[in-house]
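Each value in this text was obtained by applying a stated rule to the coordinates, not by laboratory testing. Predicted model, so just to flag it, every value in this text is computed and none were measured. Glycine gets a Cβ as well: all are built from the backbone with ideal geometry, and neighbour counts include every protein chain shown.
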Amino acid sequence: MRQVAEEENTMSTNVKSMLETKGREVVTVSPDRSLLEVAQILNDHKIGAVIVIGMEDRIAGIFTERDLVRAVASEGAGVLTQHVKTAMTTAVQRCREEQTVDELMGMMSAGRFRHVPVEKDGKLAGIISIGDVVKARIREVETEADHMKAYIAS
Ligand code: AMP
């Protein structure tokens, strides 16, 4: 029984398999899009964040609904005509495909954000949101429970 539990604990889902389930599509914008345009993009896609892509297809920043609320609350509605590059976060924390759900949970909780872009060979290769992390974690717990039940029944 202890051996089964220990084996299961080492099986944290990695980012690569999460992307295989959810897909690799990421909504991106250029740094010169206005905040109003980006707000419309977030709304159209029903998402909370876009990745801002700069020179040579590199990640230049991330802009989320939190940034939109902050910009409007601090500067008023006139801010909506400004470029997204003026309100995005440029120090973007990224992850690699080999990293695990547990590592991403730690990163999101320590940094207090809900989105992590995935990078491969210096290029954007997907995005993981807090919702994806929760789904993956629930799947892990359900699989562990099934294995435990099967073991007890045998
Ligand atoms: P969120 O909870 O993802 O809406 O983001 C909250 C704040 O953290 C916003 O200012 C975002 O621009 C910023 N943020 C979101 N994701 C990241 C990330 N991966 N690295 C750094 N900052 C981020």
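Computed from Cα atoms, the angle from the helix 65-75 axis to the main principal axis of the chain rounds to 30 degrees. The amide H of I128, built 1.01 Å from its N in the peptide plane, has V116, V118 as neighbours under 5 Å, considering only residues 5 or more places off or on other chains. Note on the range 1-123: lysine pairs with Cα distance below 20 Å, sequence gap of 8 or more or different chains, count 6.
When Rg and the Kirkwood radius Rh are both evaluated on Cα atoms of the range 13-85, their ratio Rg/Rh stands at 1.04.
Sorting L104, L35 from the fewest to the most surrounding beta carbons within 10 angstrom yields L35, L104. Sequence-distant contacts, meaning Cα pairs under 8 Å at least 6 residues apart, place the relative contact order of the chain at 26 percent.
So which trypsin sites (Lys or Arg not before Pro) in the range 9-87 pass both tests, a DSSP loop state and at most 13 other Cβ atoms within 10 Å of the Cβ?
Here the sparse-neighbourhood loop sites are R24, K46, R58.
Averaging over all projection directions, the Cα-based convex hull of the chain occupies 10.7 nm² in the image plane. Across the range 59-110, the fraction of Cα-Cα pairs farther apart than 17 Å, rounded to a whole number, is 49%.
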